[in-house]
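Every read-out reported here was derived from the displayed coordinates using simple, explicitly stated rules and does not represent laboratory data. In this text, all values refer to a predicted model and were calculated from it rather than measured experimentally. Note: ideal-geometry Cβ built from the backbone for every residue, glycine included; neighbour counts use all protein chains shown.
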């Protein structure tokens, strides 16, 4: 199963140093039955793209909580065994939980398939979105428009061999 792990650049640097993603059960995003129902598509590439975007939003939430992190969303795509990740049935049809899964344990960073990171051109919009996230969550339509502005930026694809260069961006 392909899962998408939301991080920040400092989080990616930490994973690079330790060689692992997560230190126990951690949240990631994947193509779940609820995501399939919400997205209304049978195209696996479209569904995986939707899961990637859910992880990008979770990365934005991490940035909102870490003012020192460079303002770039980071998502690591990694393959885990089907039994290693499961949706939380207690979350039910919660829209915030679409595609959310819990990965049972730490995953070697070496199993990553790719890393997705915002370009430098996205930093201003991502920064504004991180600042507006709490207001958007509270129902502010103007703040939601700002958050949606970050989603206008496509995450760039990087091979896992490029992780050392990416962690250099964390400063």
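The figures follow:
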{"quantity": "Inter-label distance for residue 120 and residue 23, nm, one decimal - labels placed 7 Å from Cα along Cα-to-Cβ", "calculated": "3.3 nm"}
{"quantity": "Segment residue 148-residue 127, extension gain: residue separation times 0.36 nm, minus the distance between their alpha carbons", "calculated": "6.3 nm"}
{"quantity": "Relative contact order [Cα under 8 Å, 6+ residues apart], the chain, whole percent", "calculated": "30 percent"}
{"quantity": "Range of Cα positions in the stretch 2-161 per principal axis (Å), largest first", "calculated": "41, 37, 27"}
{"quantity": "FRET efficiency estimate (nearest 0.05) - Cβ-Cβ, residue 82 to residue 157, R0 30 angstrom", "calculated": "0.80"}
{"quantity": "Point-to-point label distance, residue 49-residue 104, nm (Cα→Cβ direction, 7 Å offset)", "calculated": "3.3 nm"}
{"quantity": "The stretch 1-61, relative contact order in percent, only Cα pairs under 8 angstrom and at least six apart counted", "calculated": "44 percent"}
{"quantity": "Fewest-first sequence of 103, 115 by Cβ atoms within 10 Å of each Cβ", "calculated": "103, 115"}
{"quantity": "Within the chain, helix-based [θ] at 222 nm, where runs of 4 or more DSSP H residues each add -39,500 (n - 2.57), nearest 500", "calculated": "-12500 deg cm²/dmol"}
